Structure formats: structure tokens, C-alpha cells
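A short write-up of the structure that comes next.
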């Protein structure tokens, strides 16, 4: 179906600086007619000009009936045409074309390969199936439809396989193919995916996905889940291959609606599974729907439990934790989910085309959960330290917000050094943004887009919520490129210079951009004079001009997600190509003596493959309250993974104390050591729960061959003056706290940390001697328990009534069986007994 873009009605309606004259046509070449050439290529002939003139104009839109041929609706009413013309006058993009394009999207048996050669059609279900450009795309300054940016139509145009139509927003014709050829797979020769750094390479990890939006890593083995926008499916990638569908949700996928976000809680619980959160537009029909007029149930965030399971994994036990609006829409739905280093869940929802107080209209409707970044607990509750939380109104909408004044965003990420939030924001026809999102951030929409220097009206039109802060974007594009996902490179495996740099993907150009934070990591630094104002005045050629300094790679199509993998490499989701890419080092590109894939130049332990950087500060304080006061319930904690940023040799010390004794100003009181030399995550505290009304706090400090982080000050900021960092010989936590005499000794044995209370004096002395002298291995069974291997008194469960022997008393201090104790029968059955243990701590109480 052909649509032509509206021609400006008069000179005064044209965008400034853009000629409205008709493009000059090249002379017709000699040879066969176009129809003859098309028939030779197996393509249907182009309709005659008279037929094209009968195609609908603005205000008429095709509708989509899944599984049925494309149809046309009746023309728009006069009122709709009038409204469309009015909106055209008010909001025409400065890059609007001078006339409608006459290219088409047509079903065809062939598509384009990466090299630009014609290949066989894509498999059914692929987002590119049946789509092909009727002619090679030419560079064009063509912009989006009236009232929409090219980035906004991303999720309107990617959809079902051939045979399904494309629905457009009310009063808008489907955007001409000349303007969005780069958005729809199969419409143009795809150039190879490349990055500028010759030391890096791009690999395809997964192909053949159907409109993938985002991904999240689960577990600790590199598995991930990928979400597909239009069919509501979540697929599992594990063991190096794309596996089964683990969840199928009923979505309304009209325009930007659909399955839009997925995030796994990093606090992985090996015993009970891992929480996974999804954000999707829930269909009111109970089935997938593409009808934009169908009122969905809402944009909803559900919590599931990820169960790896064999032979099949699953997402089970859904819980609705947040019900957000979805109307009028059907765009600006946001949908990105991200866990912060504070363990809070962050979610973004766009303005849904509303115009209330949250859109900086002081006279508009009260806060309504639109145009905001939410910060909530894992059950959807407002957090008491949110910038707008009020104890007087704990259930008020403002209490859930971290930022407002957001038009729409497809990207959230956290700086691994400062732990601050950064986000992208899509503008209308001017100024896309990269923002450093501080507490109480007001992004300015609808009063401001781009820097204040480009907005002479200033901040006078903002709605100022108590505690809010306006802040200029750290970077802007004058002409939208539709920035989407962003991520800080978390690993040195991609090179020294890239570590902790900010990478941003876009929709319109299929490019990756690299930004260098300034020294304070509060803003961005540039060397190009053209970018010193933090604005790319990219003009109609939106994908070039001033962006050479920040260009990192291209050819990816529309990018919708960037993730750091547990392997330290960068993963990229390309919605328009149905692929997931991985960016990593070329073999041999970096000198690497220890084979850990990190350049020796930025490897602080070049001969130790388990470490290449000191661990950053372990996560901020984690708090566990008792669930019910029932004893014997373990507390499972997961911590930010240190492997990708420091190497697999990172080991941690975990300390804990009574929450009521916590002192934020001078350190920590009543602290004891739960364990040392621990691989994180996860960590299981096997002590009984504290009494109702009390709680524990937990802190971790990681170290490796390159150095160590700190415990911090409880707020997430490194503080080397913290008294806890200098503390030594902290008492050991556990059931043995009340024991007098003897010693509590912590061992690493058979892969786990085990604390035991021991009264064998010579053994205690030997353990202390070894620990002080740097030797840690001690024979345990021959010297501790009556000199016999695997003595029968080493029972599967501690028995406080039967711990006395001729020369020793022993009791496990964890309150529940360890694998060494529980598997005693197994050790006997295979004729093996752990011969020695590693002493990591001695609490001498004699």
C-alpha cells in the first residue's frame, strides 16, 4: 500500500532551512521498462501513477487484522483531517520532506543479505519475512510523520510476518518507506556490523528472533532471557543455543506497545530461584492484539520466579506488582527495567501523549504515573528514601518517582564507579538527549528539550515539585537519531580505553556511540570543538556531520538493548535484524600473557588469569528483616558480580550486625564476620532469623591479586576512612557466639565455608600459627577428631548433647547441615574423605 507524504501547503508552513522544492529526478535510463525489470526479478510491477493517486492520504490509515490480508479503512472524517492539518502546522519536523514518497513495502520472496546480495526469503516468523524495498534506498532528509519522530515509529513498523498490515496512529498515514528504509528489515542492503577499533570484533550470538526488545542474564552460567515485543514471548538462551519459550504473554502490540522490558533480580537465590520482572502492555482480549483502538488492561510490571530446571526451564508464579496506564498512547510507553546498585527496581514509562503536571503543565492533571522514572521495591512498593516520598502519604503516586518530565526513554543504566543513573530520552522533532539522572530530576518535557542555551524561554514554565531539580542534558542531538539503549563498559576485556566509557545505541542510524565521562564522572568530556557545547548539530544528514568523535560502530539496524555479560563482553539487541550481537576482542589483538582476555597494558596482574583489576567497592548495605519470626529460615543475599570488572579470582568477606545498632556517621556497631574467601553471589546466612521487629545488615568487601575494595559507608560511596575497613579480628557470627572457651575456627572445606567450635587446644594453637605465618592448610581429620579419618562423630547434624570426646569438642556453628556433614555417606561410599581444610579465621576464646 502506497502513501505519499504531505507537501507543505504554503511557504509559511515549511520547516525553516529546508527547501520545499521537488527533488530532481535522474533522467530515465535506456533499456527495459521498470515493469519488465521487476518481472525479471520476480517482483510484482509497480502500480501505475493513476492507481497510486487513488491511494489514501493523510487521515486514512490501513488496519491490521492478524492472519488476514491487508485492507483499507474508510477515509477519515472531516474533523480528523482538520485536526491533522492543525497538528501539521504546529509540529512539523524541521526535516519534513517536500512531498510524499512513492516507495512501497511489498511482500516478496527475497530479501537482502549482509553483503547486499539478494538471498532466499527469511524463515516464517522472522521480523523481516516478506518485506523488501521496491527500489534501493537513497539518502534522504525525510523525517517522521507529523507529531512523531523517526525513533517513535520504530515499534510501530516492526511487527508480524508478511500478510499483516501496519497500523498508524490516528490522523497519520504510514510513514513513507523513504523515511524509514533503515528501520524495516529487508528494505535495504544491510551493511556489515562493525566497530571502529580494529582490536574488537562483532559476532552474531542469536539470529532469527521476532522483534526482540531486551534481554537479561540469569543465573551464573551466562544464560540469558530475551523478550519479543509482538508475540509476548520470552525465550531462554543456554548451553550456547537458543532454547525453549519459557513464557508467552498476551500483549497489545500496537505501535510502541508490547513486551517492552525484562530484568532479573541480581540477588540470585540458588535454592528458591531468581526473581525476573517483565513490563508489557497487557491485552484486554486475553490474546495478542495489534488493534490500537483496543483499550489494553494497562502497562503492567509482573514478577516471576526463574527456575532453571531440567530438562526445561520456566518462569512461574506471576505476581502483579505495578499497574501503570496505557492510554491514550499508543506510543511513549517506555518499558525499560533495570536494577540499581541499591537493589531497587527502576522502570521508565513515557508520557503516553498526556499533558499533566508530570509533563510540566502546572495547570494540568495531578501526577498519574506517566513521563516518570519509577524507583520501587521488589514488591512494587514506594521506597522511603525516594526523593518525593512523604511519610504522611506513603501510598501517594509521587512517592514512587525518582524523576519526572520524561517524554519517552528506551535506556537506563548505572555508572559502575559512581553508581549514578543515566538515561536516554527521545525528543519530538528537535533534541534527543543523554541525561545524568540525579535524585528528583525534572527532565523538562514539555517545557524544555535540549540545553537551556537553546531554549530562550528558560525554566519559568516548569512544574516544580518540592525536592525536584532541573538539569541540562549531558548531550543532545539537534536532529533526532532516536537514542535507545545505553551501558557503561564494565570490563577491561574490551581494552583499557573503553573501560567504564558510556556506550549508546540508536534507532535511526544503527550506530553505537562512545562517550567519555569527565574526571568527576558527573558529565561528559569532548575534544572536538564542534561538541564542546555538548550538542551535535547534525542537521538533515542526521547520521554524520559532528558525530565523528563519538562514533564507535555501525550497521546494527535499530538497537534496543545493550548489556554487559558475565564474561565481560558487550551484548547488543538489534530489533530490526532479529539478532543479538556480542562485541569482544579479536584473537591476538591484545598482548595477554595470562590468557584472561585482558590486555597486559591494563592488567594489574598480567601473570594471574584470575585477576586483572582491583574489585570495585562491593555493593552498599543490604538489609534483611525477619519474614515471620520463625526460626531456621535462611536469608539469601546476592551481590553485584565482581567477575566481569575484576576477574574470576575475586573473593569476598561478608560481615553483619544488628540493624538497630547501625551508625551511618562513624561506622558500624556490633559487627561480626559471617564468612571470608567467599565467591559472590550468592551468600546464604544460615543463622535463625532475628526476633520480629529486628533485622540484620550485611556488607561485603571483595579483593583479589590486584587489591581490594572497601565496605563503604552504607550509602554506596567508597570511604577509606570508614573504621570498619581498618578493623581486624572481628568476632565470628553464628550460633557459637555464646560459647566460652575453645575457639571458633572458620574453614574452607570441600568448596564451602564452615565455622566450627573447637576445644582441642593444640589444634587451635596450630591453626593460629598457620594463619599468622601465611600458611592456611591444616590436616583436620587426623589431628582433630581422635586421629581417625571421617570419625563417626562428624555427624550430618550438629548435636549439642554429643560433642565431647577424649581430646576435642566440635560443633558446627551454622545451625543447619553443611554439604560436608550432609554428604558424609557419599564421602564414605566413594572411599574419599576431605584430608585437610583451609583455615581462614580463628576466634580464640580460651
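The values are calculated or read from the model by the stated rules, or taken from the named source; none is laboratory data. What you see is a predicted model; the values in this text were computed from it and never measured. Ideal geometry is used to build each Cβ from the backbone, glycine not excepted, and the neighbour counts take in all protein chains shown.
Observations
- Number of residues in the stretch 561-583 that are farther than 14 Å from residue 503 by Cβ and in a strand (DSSP E or B) equals 3.
- In this structure, residue 448 does satisfy being at pLDDT 95 or above, over 26 Å from the mean Cα position of the chain (by Cα), crowded, with 23+ Cβ neighbours inside 10 Å and assigned to a loop (DSSP other than H, G, I, E, B).
- For the criterion of being closer than 30 Å to residue 387 by Cβ and more than 22 Å from the chain's Cα centre (by Cα), residue 299 fails.
- Selection from the stretch 339-361 of residues that are under 23 Å from residue 445 (Cα atoms) and surrounded by 23 or more Cβ atoms within 10 Å (Cβ to Cβ): 346, 347, 348, 349, 350, 351, 352, 358, 359, 360
- Filter pass, residue 209 being touching a residue at least 12 places away in the same chain (Cβ under 8 Å), surrounded by 22 or more Cβ atoms within 10 Å (Cβ to Cβ) and either not in a strand (DSSP E or B) or not assigned by TED's automatic domain parsing to the domain that holds residue 573 (or both): yes
- Among residues of the stretch 245-273, those that are in a strand (DSSP E or B) and either at pLDDT 90 or above or closer than 29 Å to residue 426 by Cβ (or both), counted: 12
- Filter pass, residue 510 being part of a strand (DSSP E or B), in contact (Cβ under 8 Å) with a residue 40 or more places away in the chain and either in contact with a strand residue (DSSP E or B) (Cβ under 6 Å, 6 or more places away or on another chain) or more than 14 Å from residue 583 (Cα to Cα) (or both): no
- Top-ranked residue of the stretch 522-548 - restricted to ones that are assigned to a loop (DSSP other than H, G, I, E, B), modelled with pLDDT of 95 or more and within 27 Å of the chain's Cα centre (by Cα), ranked as surrounded by the fewest Cβ atoms within 10 Å (Cβ to Cβ): 522
- The listed residue being buried (at least 24 other Cβ atoms within 10 Å of the Cβ) and in contact with a helix residue (DSSP H, G or I) (Cβ under 6 Å, 6 or more places away or on another chain), out of 364, 371: 371
- Meets criteria (touching a helix residue (DSSP H, G or I) at 6+ places or on another chain (Cβ under 7 Å), farther than 13 Å from residue 618 by Cβ and either at pLDDT 70 or above or in a strand (DSSP E or B) (or both)) for residue 670: yes
- Residue match in the stretch 389-397 (condition: crowded, with 24+ Cβ neighbours inside 10 Å, at pLDDT 95 or above, touching a strand residue (DSSP E or B) at 6+ places or on another chain (Cβ under 6 Å) and more than 20 Å from residue 355 (Cβ to Cβ)): no
- A residue that is modelled with pLDDT of 80 or more, closer than 11 Å to residue 617 by Cβ and either over 30 Å from the mean Cα position of the chain (by Cα) or part of a loop (DSSP other than H, G, I, E, B) (or both) occurs nowhere in the stretch 690-707.
- Considering 571, 581, the condition of being modelled with pLDDT of 95 or more, within 17 Å of the chain's Cα centre (by Cα) and under 28 Å from residue 705 (Cα atoms) is satisfied by 571 alone.
- Residue within the stretch 258-275 that is in the same structural domain as residue 581 (by TED's automatic domain parsing), closer than 19 Å to residue 573 by Cα, out of contact with any strand residue (DSSP E or B) (no Cβ under 6 Å at 6 or more places or on another chain) and buried (at least 23 other Cβ atoms within 10 Å of the Cβ) present: no
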